[in-house]
Amino acid sequence: MVVIQDKMKVSIAYTLREGKRILEEVPASQPFVYIHGYNNIIPGLEDALNGRRLGEKFTVNIPANLGYGEYRKDLILTVPKEELREVGELWLGMELEMFQDNDMREFQLPDTAEEFVNDLNLDDDDEQSDGIYIIKEILEDTVIVDGNHPFAGKDLTFNVEVVDIVDASFTEQESGFPDEDDYDGYDNYDSYDNRMGDDNFDSNERRWR
């Protein structure tokens, strides 16, 4: 019997809730695909998936500290527009990647889905301020950015169905990410980025696991 373990490529369908409120739905027809054991999804969900069987359905409650982290006020920054001159166009909900070295910091657009995932601020390390920041407010001379995940500080419930379990390919085991054709979690990465200029776009729709 095939079960989920490290270096397996896993496809799941799920509904994500905070209390009774549905935050996200991923159907079995378009499942989320990831490589198990590489810490590329939230720890509470990856731990709950370990050892599960194909076709298994289950519910798991995940506290904030095992999900998207506690909400951190220190990740809300006021940035002079002068620092963002190389970025170009700015809009609410725009995602920026920040690099910091001593007293120097730089903002730019994330280049790849892998880079995007690796730089999410999902831990409680007060010394760690690099990562993905979202533009929350644009003022006359400054921009307010938030490095918290939209689900930070939330206790969450996942209703999960295991849709597929296969061995990861060599390249997938090397990178820790599904091959491009199977990269459901981020195959719409560019389209999400493009949609952020849309007034009807909800930044909470971003598929961050």
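The values are calculated or read from the model by the stated rules, or taken from the named source; none is laboratory data. Fair warning: this is a prediction, and the values are worked out from it, not measured in the lab. Neighbour counts are summed over all protein chains in view; Cβ atoms, including those assigned to glycine, are modelled from backbone coordinates with ideal geometry. With ligands, DNA and RNA removed, areas are computed over all heavy atoms of the protein, side chains included. Shrake-Rupley method; radii C 1.70, N 1.55, O 1.52, S 1.80 Å.
Points to keep in mind about this one:
- Matching residues, segment 71-84, being open to solvent by 50 Å² or more (accessible area, probe 1.4 Å) and over 16 Å from the mean Cα position of the chain (by Cα): LYS73, ASP74, ILE76, THR78, PRO80, LYS81, GLU82, GLU83
- Residues that are of a type in the set (A, V, I, L, M, F, W, C) and more than 29 Å from GLU174 (Cβ to Cβ), drawn from segment 37-59: PHE58
- Residues being among the small types (Gly, Ala, Ser) and touching a helix residue (DSSP H, G or I) at 6+ places or on another chain (Cβ under 6 Å) - total across segment 148-171: 1
- Residue within segment 96-105 that is open to solvent by 20 Å² or more (accessible area, probe 1.4 Å), aromatic (Phe, Trp, Tyr), modelled with pLDDT of 75 or more and part of a loop (DSSP other than H, G, I, E, B) present: no
- Residue check for TYR34: out of contact with any strand residue (DSSP E or B) (no Cβ under 9 Å at 6 or more places or on another chain), at pLDDT 95 or above and under 20 Å from GLN173 (Cβ atoms): no
- Entirely in segment 1-70, the strands (runs of 3 or more DSSP E) that have 2 or more residues that are open to solvent by 30 Å² or more (accessible area, probe 1.4 Å), without any contact (Cβ under 8 Å) to a residue 24 or more places away in the chain and within 17 Å of GLU161 (Cα to Cα): 21-26
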